[in-house]
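Taken together, the values in this text are just the output of simple stated rules run on the coordinates, not laboratory data. Fair warning: this is a prediction, and the values are worked out from it, not measured in the lab. Neighbour counts run over all protein chains shown; Cβ positions are idealised from the backbone, glycine included.
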């Protein structure tokens, strides 16, 4: 009889423990005070999302650049726009004339400064026929320069040059590459001729 008397209190204690665990689990998984704004702030969700769009950036009525992507996210707190899933950007010179098309996997635009950072298989095709390949590339409309600190390959009808430290005008007419290597197909004129 002593075994049965010990068995029933054990069942009752186990049931109470089970009920307490279930109640704490339900209470622990529920947060009735949390709102969408709090989730957005904690997770860094964008304030605005566009699926397929084109955005133009102008200054004093002149086109600076126009950028489009399948997915665009805007973060109000940081004035940052993210362009993802394949980016195409048209670049313009100081007169607002089209000079080049940039493509990349993704890009960031810092809205106030209107700086463009393209990353991932960046290709710039100038209207003059010069093509630049890079992993990352910056475009700053204020000084109208395209820059890259990383490795760059530039191909033109006359040259194929690679190196680090690239700076160029958007039309690729004026350019500089530090630590260069490459080849040229230009005729070299010497003083002896």
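Quick check of the Kirkwood formula: for segment 46-184, what is the inverse mean of 1/r over all pairs of different Cα atoms, in Å?
Computed over segment 46-184, the radius equals 15.1 Å.
Ranked highest first by average number of other Cβ atoms within 10 Å, how do 46-56, 78-88 line up?
Listed from highest to lowest mean packing, they are 78-88, 46-56.
Which order, highest average first, do 111-119, 98-106 follow once you tally other Cβ atoms within 10 Å for each residue and take the mean per peptide?
Output ranking for 111-119, 98-106: 98-106, 111-119.
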